[in-house]
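What follows is one structure encoded as structure tokens, with my remarks underneath.
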Amino acid sequence: MSIIQKTKHGFTLIELLVVIAILGVLMSLIIVGIGLMMTKTKATKDLTNHKAIGLANWSHSIDNNGKLMHPRTEVNNVSNQFSGADRIWVNAQDDADTTRLDTDGSELPSALEDGAAFAYIGTIAAFHSPLDLDDRLRSYSMSGYIGVEESVNDDVDLGIDFGNFFAGDFPQTITASQIPQPSNTMSSISESDARHPRNINGWVLSPDSTNIEWYNYPAFWVPGEVNISYVDGSTGTVKLTTAALTDHWEEILEDPTNPSNESWNDNDLDSYDDYMRFRKKLLPGRIGNILD
């Protein structure tokens, strides 16, 4: 009688390496997937904050004879008098020189609590985006084109009232009824300005497409996307398609205190496509059209 011996074979070294490689790829995919899911969750919360700000602005107009909140966050550094001092959505410095800033220039909680928006939003947490890694309290700015009387942010000292572009006087947008297309007009935008310890006043972009000037920049927390709210309280996302804007912002981050970085005149039109996406949301009906 013959005896057949069964030999037990283990995994070869190559087989083990293949299994380890496959597990490594799977782990990488899982980690990437979790990261994307977390970013998506934070982006959703970011949109929720925008909706709270947009609805606060709309509700303010209902409660105040149609008047929208004012985009300024500071009053005492403006030489001209304007009618919106009692409507500023964040009150970091008022016309009585009461300062609600920390020693490093960042905003204190009272700057948010004493602004017009807080009565409608009700919590400081909604002013900070979960996507924002900075420890500043406020991650958002209002558009400098809405809620104003005579110029962007009602600040003639800026020298950018764009009166010539509008063939005369800057269009008043104090009330919601003065906004031609509230459902297409930007109310708030995500902003994290590394050039300053806080986002100062309303977000400004030149309306003149023949002279592209970025006075402020959106927050680049999610690659290719910037969340905003509209005057009617709805929300949306602006999709970026060029690298020029983010590339220039990265250059600013290398030397944020350089005075030459206060604005960017894109003479080469490298950011033209993205510029037009934001421009058509500034004041459609007066600055281009939503279909442009």
Exercise. Taking only pairs six or more apart or across chains, which ones have beta-carbon atoms under 6 Å, a first residue in the range 109-135 that is over 15 Å from Ala52 (Cβ atoms), and a second residue that is aromatic (Phe, Trp, Tyr)?
Worked result: Leu131/Trp221
Exercise. In the range 89-128, how many residues are farther than 19 Å from Asn153 by Cα and in a helix (DSSP H, G or I)?
Worked result: 11
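Yes/no matrix, rows are residues, columns are (1) at pLDDT 80 or above; (2) under 30 Å from Ile121 (Cβ atoms); (3) surrounded by 10 or more Cβ atoms within 10 Å (Cβ to Cβ):
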position	(1), (2), (3)
Ile3	no, no, no
Lys6	no, no, no
Ile30	no, no, yes
Gly35	no, yes, yes
Gly54	yes, yes, yes
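What are the residues in the range 218-257 that are polar (S, T, N, Q), touching a helix residue (DSSP H, G or I) at 6+ places or on another chain (Cβ under 8 Å) and over 18 Å from Met276 (Cα atoms), if any?
Ser234, Thr235
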Problem set entry | Checking Tyr230 against (1) surrounded by fewer than 21 Cβ atoms within 10 Å (Cβ to Cβ); (2) among the aromatic types (Phe, Trp, Tyr); (3) in contact with a Gly (Cβ under 9 Å, 6 or more places away or on another chain), the condition it does not meet | (1)
Seminar exercise, completed: Restricted to the range 170-190 and to residues being in contact with a Leu (Cβ under 9 Å, 6 or more places away or on another chain) and part of a strand (DSSP E or B), the residue nearest to Ser151 (Cα to Cα) is Thr175
For this session: Look through the range 222-264, keep the residues that are small (Gly, Ala, Ser) and closer than 23 Å to Asn49 by Cα, and return whichever of them is nearest to the chain's Cα centre (by Cα).
Result: Ser229
For this session: Please list, ordered by first then second residue, the pairs with beta carbon atoms under 6 Å, 6 or more apart or interchain, first in the range 176-194 and of a type in the set (A, V, I, L, M, F, W, C), second assigned to a strand (DSSP E or B).
Result: Met186/Ser143; Met186/Ile228; Ile189/Ser141; Ile189/Trp203; Ile189/Ile228
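How many of the residues making up the range 56-80 are acidic (Asp, Glu) and at pLDDT 95 or above? Before the answer, list the steps.
Taking the range 56-80 as the starting set, the residues that turn out to be acidic (Asp, Glu) are 63, 74.
From what is left, the residues that are at pLDDT 95 or above are 63.
Residues in the range 56-80 being acidic (Asp, Glu) and at pLDDT 95 or above: 1 in total.
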For this session: Only residues in the range 251-277 that are at pLDDT below 85 count as the first member; pair them with residues that are aromatic (Phe, Trp, Tyr) and in a loop (DSSP other than H, G, I, E, B), Cβ under 7 angstrom, at least 6 apart or cross-chain, and list the lot.
Result: Ser263/Tyr215
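The values are calculated or read from the model by the stated rules, or taken from the named source; none is laboratory data. Only a predicted model underlies this, so the values are computations on that prediction, with no experimental measurement involved. Cβ: placed from backbone, ideal geometry, glycine included. Neighbour counts: every protein chain shown.
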